[in-house]
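Before any comments, here is the structure.
Just so you know, all these numbers are worked out from the coordinates, no wet-lab data involved. Everything numeric in this text was worked out from a predicted model, so none of it was measured. Positions of Cβ are backbone-derived with ideal geometry, glycine not excepted, and every protein chain shown enters the neighbour counts.
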2 protein chains.
Amino acid sequence: MKRIAIDAMGGENAPKAIIDAIIKVIPEMPDTKFILFGDKEKIRQTLPADQINDQLEVVPTSQMINDEDEPVKAIRTKKDSSMVVAARYVKEGKADALFSMGNTGALLACGIFIIGRIKGIARPGLMPTLPVQNSDKGYNLIDVGANAQTKPEYILQWAEMAAFYAEKIRGIVHPRVALLNNGAESDKGDSVHQEAYKLLQDSDLNFIGNIEGNELMTGKTDVAAMDGFSGNIALKSIEGMASVLLHSLKDSLLNNGLVTKLGALMIKNAVYDLKNKYDTARYGGAVLMGVNAPVVKTHGRSNERPIYYTLKQIGKILDENLIGEIKEKFSQK
Amino acid sequence: MKRIAIDAMGGENAPKAIIDAIIKVIPEMPDTKFILFGDKEKIRQTLPADQINDQLEVVPTSQMINDEDEPVKAIRTKKDSSMVVAARYVKEGKADALFSMGNTGALLACGIFIIGRIKGIARPGLMPTLPVQNSDKGYNLIDVGANAQTKPEYILQWAEMAAFYAEKIRGIVHPRVALLNNGAESDKGDSVHQEAYKLLQDSDLNFIGNIEGNELMTGKTDVAAMDGFSGNIALKSIEGMASVLLHSLKDSLLNNGLVTKLGALMIKNAVYDLKNKYDTARYGGAVLMGVNAPVVKTHGRSNERPIYYTLKQIGKILDENLIGEIKEKFSQK
């Protein structure tokens, strides 16, 4: 039986959204145990005692890591926090994967310092899956912010792990891998990116060269490898622009008189289509690649739906023994 | 009389869009001479000989720099190209500013190697003005790609020049300056950004701290200073996401049946509003800050409208003696 350790306290809609997602996913994941870590009273308010069975266990904890907490300090001082105790369960072999919607930095720290790096991996990288314009396949970005300073060899390892994920979990044969850079030519970028380009070119990966920021969402590549600093900037710029545009469109639709409002009702299907296309929920959460177990994060504002998909994603990562195979791959190098 | 040297050959719509913009702007800029550099025959096809007067001069050139040309090599070998001859006019005092829609790298090279750096400026930076969500003021980003490798002191100088531009040209009193980083706290980012944060904090600027990628378009700051590599990624990610979303919306509106199509007609005003709000044309082009004259670039796909606004922007930069004052500021340091 697979066992997923779940930080029930992190995120704006915790623990309700998390518990709702688990109750929804349980029938589809009969061979999985969901271990909830958190405030017993708060969990009990949402989860009736009679629903606790051999697929659902609650481990009471007394502390919580907030978004404002300094990550490394928090995991050292809040030893009985839901996130840290959940991570320890994974470390001690009492659970197989860790899920949280809480403080991203603290979760990365739990992954790296408690669960631990895979031998042979220099630096773990954070990897979401995002939608693209002309297919429902999406693409993986790595690293989007686990590292502020990046060396070329990290980028190669991130690309290798992400390509492996794209193949095993997303079913993409011989996934295309690109390097996010400030131009198309092979000599573009600073010395880190020039060197990373060479490493990728000399690797076994299906490396298609550099891509630029404006090509990220076009579906040109299955994996975009990038330094962790500008990866973070790219991801947030994309999210920010989408949010600003959609809010502005909504404002314009509501503040341009009756005809426009009526028109807004009539284009509902198109908006639904658009929402569906750029629905990030169905790809699951961002995976910290390169640690000894799946450590997966969804946005702190997530409601039930993305959590549901993330739990299924974790189930697949465990079924496919992704981490075991990554360990094997990198120990042979 | 102000004299603007204009590369008439760069860009997809050259020379027609350029000539149309000049003819439109001439009545509003009576004290300006527009010197067109390029293929005499092609220019003459659009510009009747009788329109050539003391405000409009054509300097025939025999070569052209293409988008595919390697920038530094191109400006060294294509000595009679429209862009290089125009830059030489500025260098030799026969013109006061340079405008082009051509190869960005080559234009930067013309600015840095032909027109030359301002004494005291370590590295020129490329600075566009972009729209923001809740005002019509926009904001300046610097550097968006003139530099692949950035040192903290470059970021400080870019911020100082951009703040000066925001004040003198955009009329913003005591402009807010932020540092693009991977988190809000002062210790975020790599060593370059940590050090840049300190330099900005110790400066006379109205420094408001770090901003993240998702805050760029929100109007939180008047100037966003950034390293040239991730600035390039941020700018292109923003442009790319906007383009992908708007195309997808258009597709959805056209492919969801008659009611949706009718609705699309009815929301025209809202779409017009949105287009107006995120209209980058009216802010003019991207300025290479830190060279001895205004060197300004608009997108290679630009039509008449952004060029018209860019010529007015250049007029204002010359009227305000922006470059002269920057020279004075930095020579005193």
| query | Cα atoms only, region B:208-332: Rg and Dmax in Å? | reply | 19.0, 67
| message | Using a 10 Å cut-off around each Cβ, can you sort B:123, B:282 from fewest to most neighbouring Cβ atoms? | response | B:282, B:123
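Which percent, to the nearest 5, of DSSP beta bridges fully inside region B:122-288 are antiparallel?
30
Quickly rank A:58-65, B:320-327, A:142-149, B:31-38 as a protection proxy: mean count of other C-beta atoms within 10 Å, highest first.
Highest-to-lowest ranking by the protection proxy: A:142-149, B:31-38, A:58-65, B:320-327.
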| What does the helix-only formula give at 222 nm for chain B: each DSSP H stretch with n ≥ 4 adding -39500 (n - 2.57), the total divided by the residues, and the result rounded to the nearest 500 deg cm²/dmol? | -13000 deg cm²/dmol
| query | Tell me, what is the percent relative contact order of chain B, built from C-alpha pairs under 8 Å that lie six or more residues apart? | reply | 22
| Which pairs break 22 Å Cα to Cα here: A:151/A:188; A:42/A:312; A:42/A:91; B:16/B:268; B:151/B:198; A:137/B:268? | A:42/A:312; A:42/A:91; B:16/B:268; A:137/B:268
| For chain A, max minus min Cα coordinate along each principal axis, in Å, sorted largest first? | 66, 60, 36
| said: Under 8 Å for C-alpha pairs, at least 6 residues apart: give me the relative contact order for region B:122-288, rounded to a whole percent. | reply: 32
| Neighbourhood charge, 14 Å Cβ-Cβ cut-off, centred on residue B:251 and excluding it, Lys, Arg +1 and Asp, Glu -1 | +3
| Can you give me the relative contact order of region A:197-333 as a percent, contacts being Cα pairs under 8 Å and 6 or more apart? | 13
| task | Obtain the nm distance between the two label points defined at residue A:76 and residue B:136 by a simple spin-label model: each point lies 7 Å from its Cα along the Cα-to-C-beta direction. | result | 5.4
| field | Magnitude of the charge dipole, chain A, Cβ model with Lys/Arg +1 and Asp/Glu -1, debye to 20 | value | 520
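Which value, to two decimals, describes the C-alpha radius of gyration of the protein assembly as shown once divided by 2.2 N^0.38 Å?
1.05
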| note | For region B:133-273, the dipole about the Cα centre with charges only on Cβ (Lys and Arg +1, Asp and Glu -1), to the nearest 20 debye, works out at 700
| query | Where q = 0.18, 0.19, 0.29 Å⁻¹, what log10 of I(q)/I(0) comes from the Debye formula for region A:7-75, counting one point per Cα? | reply | -0.70, -0.76, -1.40
| field | Rounded to 5, the percent of DSSP beta bridges in the protein assembly as shown classed as antiparallel | value | 25
| Which of the peptides A:151-161, A:83-93 is most tightly packed, and how do the rest follow, judged by the mean count of other Cβ atoms within 10 Å per residue? | A:151-161, A:83-93
| said: Quick check on chain B: of the DSSP beta bridges with both residues there, what percent are antiparallel, nearest 5%? | reply: 25
| If you put +1 on each Lys and Arg Cβ and -1 on each Asp and Glu Cβ, how big is the dipole of the protein assembly as shown around its Cα centre, in Debye rounded to 20? | 400
| All-pairs Cα distance distribution in region A:103-186, expressed in whole percent, bin size 10 Å | 15, 44, 33, 7, 0
| Spin-label point model (7 Å from Cα, Cβ direction): what's the residue A:262 to residue A:206 distance in nm? | 5.1
| Given just the C-alpha atoms of region B:122-288, how large is their convex hull per residue in cubic angstrom? | 115
| request: Evaluate E = 1/(1 + (r/R0)^6) for residue B:67 and residue A:68, where r is the Cβ-Cβ distance and R0 equals 35 Å; express this FRET efficiency to the nearest 0.05. | output: 0.15
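Over 21 Å between Cα atoms, which of A:250/B:250; A:2/A:316; A:79/A:119; A:261/B:275 qualify?
On the way: A:250/B:250 15 Å; A:2/A:316 10 Å; A:79/A:119 25 Å; A:261/B:275 18 Å.
Where the Cα-Cα span goes over 21 Å, the pairs concerned are A:79/A:119.
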| message | Taking residue A:113 in one copy and the same position in all the others, each labelled 7 Å out along Cα→Cβ, what are the pairwise distances from the first, in nm, shortest first? | response | 5.0
| query | Measuring from a point 7 Å out along Cα→Cβ, what nm distances, shortest first, does residue A:136 have to its partners in the other copies? | reply | 4.4
| query | At each listed q (0.10, 0.19 Å⁻¹), what is the log10 of I(q)/I(0) that the Debye formula gives for region B:157-249 modelled as equal alpha-carbon point scatterers? | reply | -0.28, -0.89
